[in-house]
1. Out of all the residues in the stretch 3-14, is one or more more than 16 Å from ligand 3 (Cβ to nearest atom) and either within 30 Å of residue 151 (Cβ to Cβ) or in a strand (DSSP E or B) (or both)?
2. Just need a number here: residues in the stretch 88-98 that are free of Cβ contacts under 8 Å to residues at least 60 places away in the same chain and surrounded by fewer than 16 Cβ atoms within 10 Å (Cβ to Cβ).
3. Against the conditions (1) in contact with a strand residue (DSSP E or B) (Cβ under 9 Å, 6 or more places away or on another chain); (2) farther than 30 Å from residue 114 by Cα, where does residue 21 fall short? Just the number, please.
4. Only residues that are more than 14 Å from ligand 2 (Cβ to nearest atom), part of a strand (DSSP E or B) and within 22 Å of residue 116 (Cα to Cα): list them for the stretch 58-87, please.
5. I'd like the full set of residues that are surrounded by fewer than 16 Cβ atoms within 10 Å (Cβ to Cβ) and touching a residue at least 12 places away in the same chain (Cβ under 8 Å), limited to the stretch 124-133.
6. Across the stretch 101-115, what is the number of residues that are within 16 Å of ligand 2 (Cβ to nearest atom) and crowded, with 16+ Cβ neighbours inside 10 Å?
7. Working carefully through the options 244, 239, 248, 260, find the one that is over 30 Å from residue 145 (Cα atoms), away from ligand 3 (no atom under 16 Å from the Cβ) and without any contact (Cβ under 8 Å) to a residue 24 or more places away in the chain.
8. Any residue at all in the stretch 251-268 that's outside any helix (DSSP H, G or I), touching a strand residue (DSSP E or B) at 6+ places or on another chain (Cβ under 7 Å), modelled with pLDDT of 65 or more and at positive phi?
Ligand SMILES: [Ca+2]
Ligand SMILES: [Ca+2]
Ligand SMILES: [Ca+2]
Ligand SMILES: [Ca+2]
């Protein structure tokens with residue numbers, strides 16, 4: 001409502017609003033109501049300030065401008081919306097009850113109860129889901145989960161606002177259960193423990209005997225199996241392919257290999273910690289008469305003998321060579337002593353005669369000369385006359401206490 005106390009045209013007033021969303025509608029003299037030019041959305045804009053101007057028809061016209069504040073009231077016109085179409089969670093098996101799985105969440109921009117959300121599980125039929133969800137979207141397990149029973153759970157969650165009428169949304173949830181190594185492998189073949197396996201061997205037979213089989217309820221490395229023989233293979237007659245479980249002869253089979261073998265096999269998974277199981281097999285080996293009679297240990301003994309022969313040859317050779325060396329040395333010493341006795345006499349005169357010739361130059365003492373001569377030119381002395389000339393290449397003084405490095409000749 002607008003007032004103007006003037007009379008006549010001076011009191012006639014007209015008002016208007018320049019706004020795209022609102023306009024004025026006349027309700028008669030000096031009364032207007034503001035109406036919507038187009039719909040408003042509180043979630044887009046919740047408040048408006050609208051300038052309203054009024055002007056009379058006097059001369060000159062007088063004008064008044066006032067701002068109107070308009071607040072948009074909320075209604076529950078937006079439904080809640082999950083932030084994802086599908087929520088995916090991973091969790092381990094064997095966890096305690098109430099173990100947390102994850103959160104789901106949705107948005108709703110409405111105000112107060114129109115935007116207050118409540119979550120729940122959408123239970124289809126009578127499926128016994130081992131999960132619960134709190135009203136604010138937290139999912140947990142209601143029991144310990146076993147991946148070997150069920151490894152994936154798929155269900156829907158539901159969210160609603162508290163407006164009136166209430167609006168809602170749904171989303172998918174996938175919970176994948178991760179494996180733990182909680183199952184030991186077990187043999188499926190042999191099918192019983194102990195087990196008797198009859199094997200007939202012919203020389204034409206292949207080395208394969210049989211293939212052991214095992215199973216493991218886990219997955220991945222927790223079910224990656226390896227096989228081994230852990231007992232009863234003292235003669236090293238059998239071998240096991242650790243991956244395939246194939247049992248075969250590891251060497252040639254001989255007649256005396258026939259008999260019964262109490263074998264124990266193990267199968268292990270590759271989990272952490274490793275789990276395993278064993279099984280016993282009585283392998284009864286019959287061999288055909290065509291089989292080589294050579295004993296298994298034959299080649300080993302033969303090999304041992306060859307080894308021993310070599311040892312004997314080497315030791316004998318060493319002894320013979322040692323004896324030869326000792327005899328040679330002994331003979332040499334004896335010969336040496338004999339020669340010294342002979343040359344001592346032979347050189348006595350020569351030495352003294354030589355001394356006369358040498359003294360001027362080298363001051364050689366007469367008693368040392370026979371020794372030098374004996375060492376340096378003993379073999380020659382016997383073939384030459386007792387009198388000779390000596391040509392030292394070093395002076396005597398250097399010989400004292402040293403091995404002689406002189407050469408001598410007798411002419
Ligand atoms: Ca709303
Ligand atoms: Ca709402
Ligand atoms: Ca498992
Ligand atoms: Ca396992």
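The values are calculated or read from the model by the stated rules, or taken from the named source; none is laboratory data. Everything numeric in this text was worked out from a predicted model, so none of it was measured. Here the Cβ is made from the backbone with ideal geometry for all residues, glycine too, and neighbour counts use every protein chain on show.
1. Looking only at the stretch 3-14, we keep the residues that are more than 16 Å from ligand 3 (Cβ to nearest atom), and these are 3-14.
Among the residues that remain, those that are also either within 30 Å of residue 151 (Cβ to Cβ) or in a strand (DSSP E or B) (or both) are: 13-14.
Yes, there is a match, as at least one residue in the stretch 3-14 is more than 16 Å from ligand 3 (Cβ to nearest atom) and either within 30 Å of residue 151 (Cβ to Cβ) or in a strand (DSSP E or B) (or both).
2. 3
3. Against the list (1) in contact with a strand residue (DSSP E or B) (Cβ under 9 Å, 6 or more places away or on another chain); (2) farther than 30 Å from residue 114 by Cα, residue 21 comes up short only on (2).
4. Passing the criteria: 71, 86, 87.
5. Step one: filter the stretch 124-133 for residues surrounded by fewer than 16 Cβ atoms within 10 Å (Cβ to Cβ), giving 124-128, 132.
124, 127 - these are the residues of the stretch 124-133 that are surrounded by fewer than 16 Cβ atoms within 10 Å (Cβ to Cβ) and touching a residue at least 12 places away in the same chain (Cβ under 8 Å).
6. Of the residues in the stretch 101-115, the ones within 16 Å of ligand 2 (Cβ to nearest atom) are 105-115.
Next, only the ones that are crowded, with 16+ Cβ neighbours inside 10 Å stay: 105-106, 108, 110-111, 114-115.
The qualifying residues number 7.
7. Within the list 244, 239, 248, 260, the selection yields 239.
8. Yes, that holds for at least one residue.
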